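Novice: Dropping a structure here in structure tokens format, bear with me for questions.
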Amino acid sequence: MSKFYHFTHKILFWIIGLFVFLFPLFTLFKMGFEVEGGFGIANFTGIFESPRTLQAIGNTFIIAFGATAISVAVGFLYALIVAYTNIRFKRLVELLVILPYIIPGYVVTLSWTALFAGNSPINTFLRENGLPVINMYSLGGIILVLGISNAALVYLNIVDILRKVPQEQEWASRIAGYRMKETLRNINFRTVLPAIVSGVILAFLSSIDNFAITATLGSPAGITVLSTYIYEKAIGFGPASFNQAAVLSIILSLIAFGGIALQWWVLRKSVIMEAARPDYEPRILLAKGKRRLVEILSVTTLLLVNIVPLLVMFLSSLQVGYSRSLFDISTMKLDNYRFILETPNMYKGFLTSFGLTVVAILIGILVSVWVMYYKQRHDQRATLPIELGAALTYSTPGIVLALSMIFYWSKVPNVYGTVRILLIAYVTRYILLLLRGSNTALLGVTIELEEAASVSGSKTFEKWRRIIIPIIKNQIFSSSFLVFTGAFTELTLSSLLAAADAKTVGLTIFNLQTGGDNNIAQAYSVLLTLFILAIVLIRNHFERRNRTND
């Protein structure tokens with residue numbers, strides 16, 4: 001390859017890395033220090049003079065710590081049960097644990113508010129017996145829903161590592177006279193401690209980054225956290241609103257990156273067992289009676305926590321207006337569903353999100369495969385600007401990234417206020433997943449394989465069509481699925497960036513709920529949940545078929 005070819009690629013990588021990923025965040029950082037006549041810290045001193053700032057920071061930490069505690073307890077317990085015991089229905093248990101993470105946060109919130117609505121059976125029973133009703137619009141409600149939603153992060157981070165702990169170490173411990181509990185504590189739990197720490201920090205970061213749950217449950221109760229406080233400032237009026245929003249964004253980013261730095265510091269000397277093969281053999285053999293008890297308790301608890309709220313939301317979506325009882329068949333109608341399917345402003349949000357997500361994935365695939373192919377075949381250091389930029393935008397809290405997009409892209413004609421800025425935001429937010437997937441996929445394409453294709457007379461197009469694409473398509477498909485589930489249902493970016501004529505599905509449901517149209521919002525959420533589950537089933541079908549073909 002010519003020097004000009006390599007020089008051109010390096011320049012392109014630097015241009016993309018700087019102008020697409022880094023400069024928007026730098027612009028936001030600069031806005032935080034901009035004052036009349038130059039730069040200073042007046043914006044910081046001004047924002048901390050407001051008691052709401054300290055209150056928002058305090059609420060953010062209270063909610064994050066509380067939700068993380070629930071996530072760790074639930075995620076670790078079910079990871080231990082699935083990985084080590086001899087219970088049946090493990091796939092069902094795993095699906096039920098992961099379900100609240102797959103479903104958007106605002107849908108999970110709607111299901112829980114339906115479960116504990118004023119006319120719900122539970123609150124009706126409590127009220128009739130003189131007991132205090134359960135209010136989801138509270139700190140406790142936010143912590144509960146966030147904790148349940150993020151439990152899957154801890155579970156997925158731990159369950160596979162638990163299976164990779166060598167059984168030989170356990171046998172040696174048992175031979176030495178230690179009981180099973182002591183063996184688990186001294187061998188297994190110490191071995192998986194890095195995964196536990198990683199899961200804890202991931203759950204914490206997800207909690208402070210969350211906007212949908214905190215806005216839906218917190219705003220009506222006057223509970224402000226940093227993400228919702230930034231949103232208030234960004235959409236507010238006043239000469240310093242944007243500067244104050246930038247300051248709050250810097251504070252939230254420092255907390256997030258502090259968590260990432262803590263994770264790195266704790267795990268820097270840890271031994272990661274990525275190369276070890278998972279062992280699916282049960283290690284804790286429960287007697288028949290105990291096994292059935294664990295099965296019943298595990299499945300029943302998950303059904304009550306994750307499925308019952310969704311069923312109540314479905315029943316509530318069939319109501320038009322106020323109903324004395326959710327189970328009154330005479331008041332159940334499909335009017336809300338008919339309204340959604342027949343009203344353009346309703347189903348347009350679905351089409352907008354679907355179109356944006358598909359286009360963002362296609363752009364991400366093309367860029368990722370191009371960048372990673374050049375990295376593996378030519379220069380591993382040349383692609384660092386894009387890789388570092390993508391890692392930074394993925395790690396940055398969503399509300400902060402959205403605000404940086406406003407500050408930066410509003411200076412570019414025909415971008416801000418159009419659907420283009422959302423497309424740019426989706427690509428910059430989620431391309432890291434495709435970059436990692438492409439890098440992994442292309443590792444399976446050896447240079448010898450390409451050389452053999454060239455020797456046999458295959459041109460570049462034929463080489464990609466017949467050899468490279470068939471090898472990398474499965475991994476690319478898996479990475480694209482992760483991007484789709486994240487981008488299609490997201491709310492944080494679109495809450496600040498969506499144009500008036502380009503509402504996304506998340507923003508449509510959010511506006512319906514905050515506008516008081518709960519039954520319509522619940523009907524929309526039911527349709528969205530069914531669509532997501534259908535996508536998951538399709539993905540699982542293709543993965544099973546590919547494994548069979550392999």
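Novice: Lysines within cross-link reach of Lys348: Cα-Cα under 29 Å, excluding same-chain residues under 8 positions apart?
Specialist: Straight-line reach from Lys348, under 29 Å: Lys233, Lys333, Lys411, Lys503.
Novice: Between Leu95 and Val197, with labels modelled 7 Å along Cα→Cβ, what's the label distance in nm to one decimal, could you check?
Specialist: About 3.6 nm, to one decimal.
Novice: Give the calculated FRET efficiency between Ile467 and Ala221 to the nearest 0.05, with a Förster radius of 45 Å applied to their Cβ-Cβ distance.
Specialist: In this case the efficiency is close to 0.20.
Novice: Still on this model: Please state, as a whole number in µm²/s, the translational diffusion coefficient that the Stokes-Einstein equation yields for the range 170-216 at 25 °C and 0.890 mPa s, with Rh defined as the Kirkwood radius across alpha carbon pairs.
Specialist: Diffusion coefficient, whole number: 189 µm²/s.
Novice: Something else now. Sorted from largest to smallest, which semi-axis lengths in Å does the alpha carbon gyration tensor of the range 300-389 give for its equivalent ellipsoid, taking the root of 5 times each eigenvalue?
Specialist: On the way: eigenvalues 466, 79, 14 Å².
Output for the range 300-389: semi-axes of 48, 20, 8 Å.
Novice: Would you grab the residues whose amide H sits under 5 Å from the one on Val35? Only those 5+ places off in sequence or on another chain, please, with H modelled 1.01 Å from N.
Specialist: Residues meeting the amide H criterion: Gly40.
Novice: May I pose another question? What does the helix-only formula give at 222 nm for the chain: each DSSP H stretch with n ≥ 4 adding -39500 (n - 2.57), the total divided by the residues, and the result rounded to the nearest 500 deg cm²/dmol?
Specialist: Rounded to the nearest 500, it is -23500 deg cm²/dmol.
Novice: Could you order the peptides 207-218, 339-350, 171-182 from most to least packed, using the average number of other C-beta atoms within 10 Å per residue?
Specialist: 207-218, 339-350, 171-182
Novice: Taking the range 333-550 on its own, what percent of its Cα-Cα pair distances exceed 24 Å? Each step should come with its number before you reach the end.
Specialist: Values: 12431 of 23653 pairs.
That fraction is 53 percent.
Novice: Rounded, prolate or oblate: pick one for the range 73-317, where a ≥ b ≥ c are the square roots of the eigenvalues of its C-alpha gyration tensor, a/c under 1.5 means rounded, and failing that, prolate if a/b is larger than b/c, else oblate.
Specialist: The shape class here is oblate.
Novice: Another question, if that's okay. Over the range 276-316, one equal point on each Cα, no solvent: what is log10 I(q)/I(0) by the Debye formula at q = 0.23, 0.24 Å⁻¹?
Specialist: One equal scatterer on each Cα of the range 276-316 leads to -0.79, -0.81.
Novice: Limiting things to C-alpha atoms, what are the Rg and the maximum Cα-Cα separation (Dmax) for the range 177-250, in angstroms?
Specialist: Spelled out, the Cα radius of gyration and Dmax of the range 177-250 are 20.7, 71 Å.
Novice: Still on this structure: Given R₀ = 60 Å, what would the calculated FRET efficiency be for Arg179 paired with Asn119, taking r from the Cβ atoms and rounding to 0.05?
Specialist: Here the calculated transfer efficiency is 0.70.
Novice: Going by the alpha-carbon gyration tensor, a ≥ b ≥ c the square roots of its eigenvalues, is the chain rounded (a/c under 1.5) or, if a/c is not under 1.5, prolate (a/b greater than b/c) versus oblate?
Specialist: In terms of gyration-tensor shape, rounded.
Novice: On to the next question. Can you work out ³J(HN,Hα) from phi for every residue in the range 7-23, in order, using Karplus 6.51 cos²θ - 1.76 cosθ + 1.60 and θ = phi - 60°, giving whole Hz and x for Gly and Pro?
Specialist: Rounded to whole hertz, the list is 4, 4, 5, 4, 5, 4, 5, 5, 4, 5, x, 7, 7, 9, 9, 8, 4.
Novice: Still on this model: When the Kirkwood radius is taken over all Cα pairs of the range 1-128, what Stokes-Einstein diffusion coefficient follows at 4 °C and 1.567 mPa s, in µm²/s?
Specialist: On the way: Rh = 21.3 Å.
The Stokes-Einstein estimate is 61 µm²/s.
Novice: Rounded, prolate or oblate: which one fits the range 451-544, using the alpha carbon gyration tensor with axes a ≥ b ≥ c (rounded when a/c is under 1.5, else prolate when a/b beats b/c, else oblate)?
Specialist: Note, shape of the range 451-544 comes out prolate.
Novice: Another question, if that's okay. Calculate the radius of gyration of the Cα atoms of the range 266-418 to one decimal place, then report Dmax, the largest Cα-Cα distance, as a whole number, both in Å.
Specialist: 25.7, 69
Novice: I would also like to ask the following. Short version: ³J(HN,Hα) in whole Hz for each residue of the range 411-424, in order, from phi by Karplus 6.51 cos²θ - 1.76 cosθ + 1.60 (θ = phi - 60°), x for Gly and Pro, what are they?
Specialist: Listing the rounded values in order: 7, 9, x, 6, 10, 5, x, 10, 6, 5, 5, 5, 4, 4 Hz.
A short reminder: the numbers here are calculations on the coordinates, not readings from a lab. Everything numeric in this text was worked out from a predicted model, so none of it was measured. Counting neighbours? That spans all protein chains shown, and the Cβs are built from the backbone with ideal geometry, glycine included.
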